[in-house]
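Trainee: Please find one structure pasted underneath; my questions will follow.
FYI, it's all coordinate maths here, none of it is from the lab. Predicted model only: the values in this text are computed from it and were never measured. FYI the Cβ positions are ideal-geometry reconstructions off the backbone, even for glycines, and counts take in every protein chain you see.
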Amino acid sequence: MRIRELWSSDDQLSLATFEVAVRNADLAGALLALEGASTRGTTEARLQLHQLGTQVLTAPGDPVSALTRVLVEGEGFHGDTDDYYNPRNSDLSVVLDRRRGLPILLSCVWMLVGEQAEIPVEGVGLPGHFIVRVGDVLVDPFAAGRMLSIGDCAEMVHAMSNGDLAWKDEFLQPTPQDQ
């Protein structure tokens, strides 16, 4: 079988949609295109993100508390520790439905809901684990919104690298969405 036989017109459309989303800095659109979400699936996912953002806007407390109250306490978003490598943990629309996923996808949910609620949430790609920064607060969406100190982050990096990677403050730099 040749590679060309594996590539469909749907794949070509998803690639074109992904490229447009990237050019427009549309994280949700890019993630949904990568998973090959249908028009209906894309609309439903965007509606869910909008509704979650609206809930965050009306939730009491500071931005971290509001995001945690809605996403973790209210909606139950958390890391899938039982079946971490399940491919469904990598699809935004599925993560929105199941409320479980990988660190990077849960971080994307926090970023996208934050965007809807006009709260700046940045992704931080630590070596081996993805987290977010809400203002000056580091948060682990995979660990049910656990707030992290720099020491906690250093311990995570140390553990994930089996002690082979020395901590660098540059690990806390935001991960640009346009690369």
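Trainee: Could you compute the net charge surrounding Ser90? Neighbours are other residues with a C-beta less than 14 Å from the C-beta of Ser90; K and R count +1, D and E count -1.
Mentor: Result for the neighbourhood of Ser90: -2.
Trainee: Evaluate the distance, in nm, between pseudo-label points positioned 7 Å from the Cα of Glu73 and of Leu15 along their respective Cα→Cβ axes.
Mentor: Result: 4.7 nm between the two label points.
Trainee: How much FRET efficiency would the formula 1/(1 + (r/R0)^6) give for Glu155 and Asn86, where r is the Cβ-Cβ distance and R0 is 35 Å, rounded to 0.05?
Mentor: Between Glu155 and Asn86 the formula returns 0.85.
Trainee: Once fully extended, how much extra length lies between Glu115 and Glu5, figured as 0.36 nm per residue of separation less the alpha-carbon to alpha-carbon distance?
Mentor: Net length gain for the segment: 35.7 nm.
Trainee: With a sphere of radius 15 Å drawn around the Cβ of Val56, what net charge do the other residues whose Cβ falls strictly inside it have (Lys, Arg +1; Asp, Glu -1)?
Mentor: -4
Trainee: Cα gyration tensor of the stretch 71-155, axes a ≥ b ≥ c as square roots of the eigenvalues: rounded (a/c below 1.5), prolate (a/b > b/c) or oblate?
Mentor: Because a/c hits 1.5 or more and a/b fails to exceed b/c, the stretch 71-155 counts as oblate.
Trainee: Same structure again: On a C-alpha basis, how far is the centre of the stretch 1-64 from the centre of the stretch 82-137 in Å? Whole number, if you could?
Mentor: About 13 Å separates the Cα centre of the stretch 1-64 from the one of the stretch 82-137.
Trainee: While we're on this one: May I ask for the net charge around Met111, where only other residues with Cβ less than 13 Å from the Cβ of Met111 are counted and Lys, Arg are +1 while Asp, Glu are -1?
Mentor: So the surrounding residues net to -3.
Trainee: What number, rounded to the nearest 500 deg cm²/dmol, is the helix-based mean residue ellipticity at 222 nm of the chain, given -39500 (n - 2.57) per DSSP H run of at least four residues and division by all its residues?
Mentor: So the helix-based figure for the chain works out to -14000 deg cm²/dmol.
Trainee: At 7 Å along Cα-to-Cβ for each site, give me the label-to-label distance between Thr39 and Arg146 in nm.
Mentor: Roughly 4.4 nm, to one decimal.
Trainee: Would you mind classifying the stretch 1-114 by shape? Square roots of the alpha carbon gyration tensor eigenvalues, ordered a ≥ b ≥ c; an a/c under 1.5 is rounded, otherwise it is prolate if a/b is larger than b/c and oblate if not.
Mentor: prolate
Trainee: For the chain, what's the relative contact order in percent, using C-alpha pairs closer than 8 Å and at least 6 residues apart?
Mentor: The value is 18 percent.
Trainee: Rounding to the nearest 10 and keeping the result within 0 to 90°, find how far the Cα-based axis of helix 150-160 lies from the longest principal axis of the chain.
Mentor: 60
Trainee: Amide H neighbours of Phe130 under 5 Å, counting only residues 5+ apart in sequence or on other chains, H built in-plane at 1.01 Å?
Mentor: So Phe130 has HN proximity to Ile104.
Trainee: So what are the ³J(HN,Hα) numbers for the stretch 131-145, from phi and the Karplus equation (6.51, -1.76, 1.60; θ = phi - 60°), rounded to whole Hz, Gly and Pro as x?
Mentor: 3J(HN,Hα) across the stretch 131-145, in whole Hz: 9, 10, 10, 10, x, 9, 9, 8, 9, 9, x, 5, 9, 6, x.
Trainee: Just grab the label-to-label distance for Ala166 and Val137, each label 7 Å out from Cα along the Cβ direction, in nm (one decimal).
Mentor: 3.3
Trainee: Any chance you could give the angle, 0 to 90 degrees and rounded to 10, that helix 39-58 forms with the longest Cα principal axis of the chain?
Mentor: Its long axis makes an angle of about 20 degrees.
Trainee: Compute the acute angle (0 to 90°) between the alpha-carbon long axis of helix 103-116 and the principal axis of greatest extent of the alpha-carbon atoms of the chain; round to the nearest 10°.
Mentor: Rounded to the nearest ten degrees, it is 90.
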